[in-house]
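Read-outs: derived from the displayed coordinates by stated rules, not from any lab. For clarity, every value in this text was computed on a predicted model and none was experimentally measured. Note that we place each Cβ from the backbone using ideal geometry, even for glycine, and neighbour counts take in every protein chain shown.
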Amino acid sequence: MTGVDDFAEAVPDLFSELLAALREGRDATVPLAQVCRAVVERMPVDGAAVALMVDGTHRTLVHASDPVIEHLDAVQFSLGEGPSFEAFETGRPVLVPDLAQRLPVSWPVFATEAGIAGMCGIFAFPLRQGAAMLGAVDTYRRVPGWLSDEELATVLRGTDVVSSALLAVATAGGTGEEGDDVVGGLVRGRAAVHQATGIVIAEFGIPADQALAWLRAYAYSEGRLLDEVARDLVDRRLHPREIQA
């Protein structure tokens with residue numbers, strides 16, 4: 001069975017490569033994803049996704065272990081609800097061993113989608129170093145049941161390693177302040193959502209959180225992902241007046 005010592009064997013070289021990329025000003029996306037991949041492969045779960053988060057708007061997927069959880073990460077972002085949002089906002093693990101027996105009241109729509117996709121248990125953990133909140137990791141199992149004490153310890157050790165990697169990226173400037181250029185590069189995958197939010201703000205003169213809420217509501221009503229709707233707005237295939245709540 002995978003244990004906490006496996007991280008000590010697998011991660012140091014990858015972590016060193018990440019630090020070297022940051023020191024030399026190279027793109028940190030690939031080495032960061034490699035650290036995350038090495039960690040989640042050693043977690044006693046069927047799949048996992050690591051998300052870098054600033055708030056409900058600025059969120060990007062750093063690594064997903066399989067297409068199912070990659071798609072559900074996009075669904076979670078589209079809905080603005082889900083286990084990683086709850087873990088990030090509360091700073092506490094979110095442990096749901098059996099979705100069929102307990103439908104979470106704070107993210108019922110996502111839980112239904114996850115169940116349809118074959119996820120029976122979901123366990124989400126905040127990624128933090130001290131007071132710094134960096135993101136969250138979602139893990140799932142295809143059969144219901146709690147993580148054992150040993151399994152939970154392994155997952156928590158893994159989240160510590162990922163948190164350290166994300167903190168290294170966020171403080172890449174070496175001053176203890178966020179490395180905006182590096183973090184900005186990592187969140188560029190959601191650039192269309194930020195651009196679309198700006199389009200809606202300009203059209204209606206509403207706050208950013210309301211603009212994003214309108215986009216999410218429209219995407220949900222159309223049965224589409226937020227990323228898809230955002231790209232249509234940016235590429236002018238969709239007029240902002242069509243998404244007005």
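Just want the ordering: 232, 73, from fewest to most Cβ atoms lying within 10 Å of their own Cβ.
With the sparsest Cβ surroundings first, the list reads 232, 73.
With the chain treated as a Gaussian network of Cα nodes joined by springs under 10 Å, which of 46, 138, 66 yields the largest mean-square fluctuation?
It is 66.
Counting only residues 5 or more places away or on other chains, whose amide H sits under 5 Å from the amide H of residue 47 once H atoms are built in the peptide plane?
Result for residue 47 returns 140.
In whole Hz, what ³J(HN,Hα) sequence does the range 115-127 give by Karplus (6.51, -1.76, 1.60; θ = phi - 60°), x for Gly and Pro?
Whole-Hz 3J(HN,Hα) from phi for the range 115-127: x, 4, 6, x, 7, 9, x, 10, 9, 10, 9, x, 9.
Using only the Cα atoms of the range 189-243, what do you get for the radius of gyration and for Dmax, in Å?
9.7, 26
What are the residues whose amide H is under 5 Å from the amide H of residue 128, where those residues sit 5 or more places off or on another chain and H is modelled from the backbone?
134
Per 0.36 nm of contour for each residue apart, how much would the distance between residue 129 and residue 148 grow if the chain were fully extended, relative to their Cα-Cα spacing?
4.4 nm
Mind listing the long-range amide H neighbours of residue 63? Cut-off is under 5 Å, sequence gap 5 or more, other chains count too, H placed in the peptide plane at 1.01 Å from N.
For residue 63, the qualifying residues are 50.
Calculate, in nm to one decimal, what residue 112 and residue 26 gain on full extension: separation in residues at 0.36 nm each, minus their alpha carbon distance.
26.9 nm
Averaged across orientations, what area in nm² does the convex hull of the alpha carbons in the range 20-65 project?
3.9 nm²
Based solely on its DSSP helices, what 222 nm [θ] is calculated for the chain when runs of n ≥ 4 H residues each add -39,500 (n - 2.57) and the sum is averaged over all residues, nearest 500 deg cm²/dmol?
-16000 deg cm²/dmol
Would you compute the Debye intensity of the chain from its alpha-carbon atoms alone, equal scatterers and no solvent, and pass along log10 I(q)/I(0) at q = 0.11, 0.17 Å⁻¹ to two decimals?
The calculated log intensity ratios at q = 0.11, 0.17 Å⁻¹ are -0.59, -1.27.
Across 10 Å bins from 0, what is the distribution of all Cα-Cα pair distances for the range 30-155, in whole percents?
14, 50, 33, 3
Could you rank the peptides 191-201, 145-155, 29-39 by their average count of other C-beta atoms within 10 Å per residue, with the highest value first?
For the peptides 191-201, 145-155, 29-39, the packing ranking is 29-39, 191-201, 145-155.
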